[in-house]
Amino acid sequence: MKTLSALCLTLMLLLASACGADVCPPDGVRYVASAAELQDLTGQAADAPVITPSQVSIGRKTIEVDRVIHGPLCNDTWSGTVYVACDVQVVTWDKAGDPTFLDGCDLTVDPDAVLYVAAHNNAAYYKGCASCHTTQGISDNP
């Protein structure tokens with residue numbers, strides 16, 4: 001009985017440690033000094049791919065999303081179901097403060113959008129979240 005209990009405990013610990021693993025590698029997100037740099041990077045993408053639905057694996061599920069976001073998080077409008085991948089580019093912020101990397105950024109998120117964010121271990125955010133990472137949005141949330 002002790003062997004079975006030890007085996008079960010070991011298995012539970014292994015499963016728990018696998019669940020806590022980060023989705024994105026430490027160097028997945030690219031940081032730039034200002035939103036202007038993101039705009040420049042966005043402007044370079046003249047042959048931007050056509051937006052088409054894609055399938056994304058999240059945990060053991062595969063879900064269909066309307067868009068997968070790579071690169072700069074500025075100058076865009078998101079709606080439907082959106083997956084924000086690990087290889088995004090954001091403005092550096094004071095790491096001791098709130099993550100306000102969307103300040104000065106022209107990003108519009110539809111209030112009915114569902115966002116899956118790889119950098120948040122694929123957490124789903126419902127009801128859009130147009131201002132989750134702006135000074136205005138953070139000050140509005142108690």
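At a glance:
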{"quantity": "Hits in segment 36-64 (condition: modelled with pLDDT of 55 or more and of a type in the set (S, T, N, Q))", "calculated": "Q39, T52, S54, Q55, S57, T62"}
{"quantity": "Single residue of segment 108-117 satisfying the filter (closer than 15 Å to T134 by Cβ and surrounded by 19 or more Cβ atoms within 10 Å (Cβ to Cβ)) that is modelled with the highest pLDDT", "calculated": "L115"}
{"quantity": "Residue satisfying all of: in segment 118-142; in a loop (DSSP other than H, G, I, E, B) and crowded, with 16+ Cβ neighbours inside 10 Å; modelled with the lowest pLDDT among these", "calculated": "A130"}
{"quantity": "Answer residue from segment 81-97, given it is of a type outside the set (S, T, Y) and surrounded by fewer than 15 Cβ atoms within 10 Å (Cβ to Cβ) and is farthest from A36 (Cα to Cα) among those", "calculated": "A96"}
{"quantity": "So D112, is it touching a residue at least 12 places away in the same chain (Cβ under 8 Å), within 21 Å of Y31 (Cβ to Cβ) and of a type outside the set (V, I, T)", "calculated": "no"}
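The values are calculated or read from the model by the stated rules, or taken from the named source; none is laboratory data. In this text the structure is predicted, and so the values were computed from the model without any measurement. Neighbour counts are summed over all protein chains in view; Cβ atoms, including those assigned to glycine, are modelled from backbone coordinates with ideal geometry.
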